[in-house]
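Worksheet: the structure to be examined is printed underneath.
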Amino acid sequence: MTGSGEGDRVRTGIQVLDERLKGGFPRPSTLLLFSDKPTEKRLLAENFAVQGASAGETTLYVDFFRAPTLARAELSRFGKYPADHLVMVDAISSQLMVDSSEAYRIKDIDDLRGICDVIVQAIQEQKPSRIVIDSMEFLADHFHKEAVLDQWKRIIDEAERVRGVTCFLFINWTYHERDLSAIRALSDFVVEFQSSMRGGILRNSMRISEMEEGGIRTNWIPYTFKDLVGVTVYFPRIMVTGPFNAGKSTVVRSLCEKSISIDRMGTTVAFDYGSVNITGIEAEIFGTPGQERFEFIFKIFAREVSGVLLVVDASRPEDFERARHMLELIGPRIPYVVLANKTDLAGALGPDAIARKMDLPEGTPVVPTVATENKGVRDALLILAEMIIGVR
Amino acid sequence: MVDDLHPRIVAVLQELRRIPDVMAVALARRDGLLIAHVLPKSMDPKRIAAMAAAIVGTSEMAASEMGLGAFFQSIVDSGHAKMLATGAGEEGILITMVRTDANMGLVLLSVGKAVQAITDLLERAAVAPEADA
Ligand SMILES: Nc1nc2c(ncn2[C@@H]2O[C@H](COP(=O)(O)OP(=O)(O)OP(=O)(O)O)[C@@H](O)[C@H]2O)c(=O)[nH]1
Ligand SMILES: [Mg+2]
């Protein structure tokens with residue numbers, strides 16, 4: 001099923017994921033985009049389609065819900081793409097009895113076999129590298145389960161023949177757990193979606209699991225959508241903390257293009273803030289003060305923390321105890337990376353010595369940095385990002 | 001219900017924004033994340049949310065330290081304008097910027113109304129089934 005080389009993978013466009021997937025989803029493969037509530041999972045499918053079309057790959061989009069003009073307008077929010085690389089299967093125009101300029105049209109929406117004949121014909125003729133079926137619940141709601149499952153398999157077989165990656169969108173309304181496991185078993189990857197509301201803010205996240213034994217299984221990955229940018233991994237809060245004068249404000253400044261520090265006489269009295277946008281990851285960065293008398297600031301900001309960059313001055317082991325204490329203030333079980341900062345100074349300890357002196361759990365990353373020269377800081381953030389989304 | 005929370009909040013903020021001399025309105029969470037805003041383009045809403053949380057957090061702490069009773073509002077009184085950071089329920093901070101010479105009676109009345117509406121919306125969202133997903 002898998003192979004090597006660029007042409008054997010289709011990129012998701014989310015770089016941290018693509019790296020972990022060795023370049024993207026393998027061709028051919030079958031993805032199930034699944035949720036049991038209406039969520040924003042169509043975003044990911046649309047992003048996936050536009051990523052393909054804009055990279056010059058032929059992409060087939062089967063849409064049971066929207067007229068093609070509307071679908072195309074909505075897809076263009078994900079970026080520019082050459083219209084002819086995105087081939088639509090139009091299920092709506094015939095029902096509305098309007099003209100359609102799309103090459104593939106479903107004439108009779110009450111004929112399951114006929115619907116799938118059009119899809120299969122499009123797959124055979126276009127040999128798309130990406131196929132989106134939006135969505136299977138439309139078929140599941142209208143036709144008998146056994147017939148739907150048969151056609152589902154038929155589409156998978158045809159897609160495999162042209163080595164396409166197929167995304168099936170599916171909200172489960174009616175099927176039982178036994179049918180669901182059968183559907184999962186047809187898939188190589190299952191992507192689940194979740195939305196949750198916390199204190200007035202809606203968060204979307206997804207989790208990717210490879211069905212194969214020992215395959216990839218990520219944590220819940222928070223994501224966001226922006227017009228023309230598409231889907232990006234989004235961390236609402238990365239905390240930068242550590243002892244007095246360790247270089248926290250400098251770290252925030254070097255990570256973020258625009259940042260603010262509420263500093264007085266060289267020390268942070270409130271917080272540092274900036275946002276970063278690198279390689280498909282967007283994050284809000286909050287730096288804390290280091291001095292004990294400002295510890296109440298932690299109580300304000302230490303909520304919904306995605307991960308922590310713990311900055312220590314590598315030449316001051318006497319502060320390490322304090323560093324550990326600050327980590328505890330933020331809370332348990334939050335992924336963190338230690339930045340061994342100021343490694344340019346004489347007497348700076350190496351990562352191993354720091355891990356030992358701080359008595360860090362086995363495997364905790366300790367990254368040497370020189371924040372004033374922007375060295376190592378980005379690497380530390382990327383390592384933290386991989387830990388949070390569970391691909392490290 | 002949860003899906004239309006954001007537009008409902010924005011509607012409350014817009015209504016407050018229409019009061020004479022109110023220049024900008026935003027809603028932040030107590031932990032400094034932005035919920036919604038109707039701010040002019042020149043202001044960075046996320047930064048303002050973080051600052052308001054620090055102001056309110058610090059003010060609350062000061063109020064309790066000095067035994068002033070329950071916190072209600074912080075006012076930043078500056079050259080051209082005032083910034084009011086008002087607690088809106090357990091979770092929210094309503095940020096209102098008004099011109100210095102505004103009719104403060106009307107402004108405070110309108111802020112109070114908006115706070116009540118937002119508190120209700122946030123509380124209802126918190127008990128919706130998605131809240132603890
Ligand atoms: N030599 C060296 N100096 C550094 C480095 N990083 C930061 N500094 C310096 O260390 C001093 C403190 O840096 P800040 O970034 O303000 O430290 P902080 O941790 O935010 O300090 P507080 O907010 O007071 O706790 C500044 O003079 C920085 O220029 C580094 O990698 N090497
Ligand atoms: Mg600082």
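In table form, for the structure just shown:
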item: Estimated vicinal HN-Hα couplings, Hz - segment A:92-105 in sequence order (Karplus 6.51, -1.76, 1.60; Gly, Pro = x); result: 9, 4, 5, 5, 8, 6, 10, 6, 9, 9, 7, 5, 10, 10
item: Surface accessible to a 1.4 Å probe, per residue, for the residues of segment B:2-127, Å²; result: 49
item: Average beta-carbon neighbours from other chains, 10 Å sphere, peptide A:223-235; result: 0
item: Convex hull volume per residue for segment A:234-389, taking Cα atoms only, in Å³; result: 103
item: Anchor A:Lys299: aspartates and glutamates whose Cα lies under 17 Å away (excluding residues fewer than 8 positions away in-chain); result: A:Asp272, A:Glu328, B:Asp31, B:Glu60, B:Glu65, B:Glu90, B:Glu91
item: Positive-end residue of A:Phe34, A:Ala140, A:Gly331, charge dipole of chain A with Cβ unit charges; result: A:Gly331
item: Cα convex hull of chain B, projected area averaged across orientations, nm²; result: 8.6
item: Residue-by-residue Karplus 3J(HN,Hα) for segment B:10-23, coefficients 6.51, -1.76, 1.60, Hz, glycine and proline x; result: 4, 4, 5, 5, 5, 4, 5, 4, 7, 5, x, 6, 7, 9
item: Per residue accessible area of segment A:9-227, 1.4 Å probe, in Å²; result: 43
item: Lys/Arg +1, Asp/Glu -1 at C-beta; the protein assembly as shown dipole; positive extreme among B:Ala114, A:Gly52, A:Asn341; result: A:Asn341
item: For chain A, built as a Gaussian network whose Cα springs stay under 10 Å, the top-fluctuating residue of A:Thr69, A:Thr12, A:Thr59; result: A:Thr69
item: Apportionment of accessible area to carbon and sulfur, the protein assembly as shown, percent (1.4 Å); result: 51
item: Residues in segment B:40-61 that, when all protein chains are in place, have 30 Å² or more less accessible area than the chain alone would give (probe 1.4 Å); result: B:Lys46, B:Arg47, B:Ala50, B:Met51, B:Ala54, B:Thr58, B:Met61
item: Probe 1.4 Å - accessible area at A:Val16, Å² to nearest ten; result: 10
item: Chain A - charge dipole about Cα centre, Lys and Arg +1 at Cβ, Asp and Glu -1, debye rounded to 20; result: 1000
item: Accessible solvent surface per residue of segment A:338-378, calculated while the other protein chains remain in place, 1.4 angstrom probe, Å²; result: 55
item: Relative contact order of chain A, pairs being alpha-carbon contacts under 8 Å that are 6 or more residues apart, as %; result: 14
item: Antiparallel %, DSSP beta bridges [both residues in the protein assembly as shown], to 5; result: 55
item: Cβ neighbours within 10 Å from other chains - mean over A:190-198; result: 4
item: Within chain B, helix-based [θ] at 222 nm, where runs of 4 or more DSSP H residues each add -39,500 (n - 2.57), nearest 500; result: -15000 deg cm²/dmol
item: Estimated inter-spin distance, B:Leu109 and A:Asp150, nm [label 7 Å along Cα→Cβ]; result: 7.2
item: A:Asp90 long-range amide H proximity, modeled H, under 5 Å; result: A:Tyr104, A:Arg105, A:Ile106
item: Reachable aspartates and glutamates, given that their alpha-carbon falls under 14 Å from the alpha-carbon of A:Lys80 and they are not under 8 places away in the same chain; result: A:Glu46, A:Glu57, A:Asp227
item: Net lengthening on full extension, A:Ser209/A:Arg293 (0.36 nm per residue, minus Cα-Cα); result: 25.7 nm
item: Structure-based [θ]222 nm, chain A - -39500 (n - 2.57) summed over DSSP H runs of at least 4, per residue, nearest 500; result: -9500 deg cm²/dmol
item: Theoretical gain in end-to-end length, A:Asp379 to A:Asn219 [0.36 nm per residue, Cα-Cα removed]; result: 55.6 nm
item: Shape call, the protein assembly as shown: gyration tensor on alpha carbons, a/c limit 1.5; result: oblate
item: Segment B:49-115: GluC sites (Glu not before Pro) in DSSP loop, at most 15 other beta carbons within 10 Å; result: B:Glu90
item: Probe 1.4 Å - accessible area at B:His6, Å² to nearest ten; result: 90
item: Total accessible area lost when A and B pair, probe 1.4 Å, Å² to nearest 100; result: 2200
item: Label point distance in nm, A:Lys37-B:Asp4, each placed 7 Å from Cα along Cα→Cβ; result: 1.7
item: Other protein chain Cβ atoms within 10 Å, averaged over every residue that makes up A:271-277; result: 3
item: Gyration tensor (alpha-carbon) shape descriptor, segment A:9-227, a/c threshold 1.5; result: rounded
item: Threshold 40 Å² - residues in segment A:292-306 whose accessible area is reduced by that much or more when the chain is no longer isolated, probe 1.4 Å; result: A:Phe296, A:Ile300, A:Arg303
item: Principal axes of segment A:158-306: Cα extent on each, largest first, Å; result: 68, 32, 31
item: Cα centroid separation - segment A:72-86 against segment A:11-37, whole Å; result: 20
item: Sequence of B:His80, A:His142 when ordered by accessible area, the most exposed leading, probe 1.4 angstrom; result: B:His80, A:His142
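The values are calculated or read from the model by the stated rules, or taken from the named source; none is laboratory data. The model shown is predicted, which means the values in this text are computed figures rather than measured ones. Cβ: placed from backbone, ideal geometry, glycine included. Neighbour counts: every protein chain shown. Accessible surface areas use protein heavy atoms only, side chains included; no ligands, DNA or RNA. Shrake-Rupley method; radii C 1.70, N 1.55, O 1.52, S 1.80 Å.
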